[in-house]
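Student: First the structure, which I've put down as structure tokens, then a few questions once you've had a look.
The values are calculated or read from the model by the stated rules, or taken from the named source; none is laboratory data. It should be emphasised that the depicted structure is a prediction, and the values quoted were computed from it without experimental measurement. Every residue, glycine among them, receives a Cβ derived from its backbone with ideal geometry; neighbour counts consider all protein chains shown. The accessibility values were calculated without ligands, DNA or RNA, using every heavy atom of the protein model including side chains. Shrake-Rupley method; radii C 1.70, N 1.55, O 1.52, S 1.80 Å.
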Amino acid sequence: MSNLHNLPVFRDLSPEGHALLRDGMLRKQVASETAVLHKGSQVSGAYLVTQGRLRVFSIAPSGSEATLYSIDPGETCVLALNCLFQDLLYPAWVTSEAPTEVAVIPGPIYRRLFEREPSIQNLTVHALSTAVFRLMNELEQVHFHKLEHRLADFLLRRASSDGIVRSTQQAMACHLGTTREEIGRASCRER
């Protein structure tokens, strides 16, 4: 679990906190574009991304997808935490956007850590505030910006250091809540 020790939340745990994690935490490796959680799933623990990225999204009755937020390394899913603390079923879908490593902290262990460990309390509050900010940003993008602007923003945020975006038009359409054809038309209008 080399990636775990690089995360501040784990560096600041007490010896008892480390012992709890050692005894119960699971580590999952998931390939790119792999389902991690499905709507209606029972949540078994807190999902902490240590490497890669997860995409949390909803699916409309028409089949179109809309990204709610992404979970980056060092972050946890606030919807999963809400399910753990409120005994709810998961309300969305989650897939990996790249090869991803996820540490799954079982619910009872996470709750015990939350009661005792300031770094876990900080992680939880940070997850909530980050998710609210990202959800508001996504809503603003959908309601106040044309598709061309949203596509340009997506491309800028996802470009590698050499300026390349490794994504299909279909994946971009799913992320932006539109169709592949609309992405094709929008990219032609931008040239």
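Student: Only helical DSSP H runs with n ≥ 4 go in: add -39500 (n - 2.57) per run for the chain, normalise by residue count and round the 222 nm mean residue ellipticity to 500 deg cm²/dmol. Mind dumping the intermediate values first?
Tutor: Numbers: 9 runs with 95 residues, N = 191.
After summing the helix terms and dividing by the residues of the chain, the value is -15000 deg cm²/dmol.
Student: For Phe85, what accessible area in Å² do you get when you roll a 1.4 Å probe over the heavy atoms of the protein chains, rounding to the nearest 10?
Tutor: Roll a 1.4 Å probe over it and Phe85 shows about 80 Å².
Student: Give, rounded to the nearest 20 debye, the magnitude of the charge dipole that region 113-187 has about its Cα centre when Lys and Arg contribute +1 at Cβ and Asp and Glu contribute -1 at Cβ.
Tutor: For region 113-187, the charge dipole is close to 160 debye.
Student: Related question: Given labels modelled 7 Å from the Cα in the Cβ direction, how far is it in nm from Val165 to Arg116?
Tutor: Computed distance between label sites Val165 and Arg116 equals 4.7 nm.
Student: Probe 1.4 Å, all protein chains in place: accessible area of Thr100 in Å², nearest 10?
Tutor: Per-residue accessible area (Thr100): approximately 0 Å².
Student: Among Glu115, Glu33, Glu65, determine the one that fluctuates most according to a GNM of the chain built with springs between C-alpha atoms less than 10 Å apart.
Tutor: Of the options given, Glu115 has the highest mean-square fluctuation.
Student: Calculate one ³J(HN,Hα) per residue across region 127-136 by plugging θ = phi - 60° into the Karplus curve 6.51 cos²θ - 1.76 cosθ + 1.60, and present them in order as whole Hz with x for glycine and proline.
Tutor: With coefficients 6.51, -1.76 and 1.60, one gets 4, 4, 5, 5, 5, 4, 4, 5, 5, 5 Hz.
Student: Let me ask you something else. In whole Hz, what ³J(HN,Hα) sequence does region 113-119 give by Karplus (6.51, -1.76, 1.60; θ = phi - 60°), x for Gly and Pro?
Tutor: Going residue by residue, I get 5, 4, 5, 10, 10, x, 5 Hz, with x marking Gly and Pro.
Student: A follow-up question, please. With a cut-off of 8 Å between alpha carbons and a minimum separation of six or more residues, what is the relative contact order of the chain in percent? All intermediate terms of the calculation are to be shown ahead of the outcome.
Tutor: Details: 310 pairs, mean separation 48.3, N = 191.
Computed over the chain, the figure is 25 percent.
Student: For the chain, what are the per-bin percents of Cα-Cα distances with bins 5 Å wide, up to the bin holding the maximum?
Tutor: Pairs per bin, as whole percents: 1, 7, 15, 19, 18, 15, 10, 7, 4, 2, 1, 0.
Student: Under Stokes-Einstein, with the Kirkwood radius over Cα pairs standing in for Rh, what whole-number D in µm²/s applies to region 2-102 at 4 °C and 1.567 mPa s? Mind showing how you got there, number by number?
Tutor: Values: Rh = 14.4 Å.
In µm²/s, the coefficient rounds to 90.
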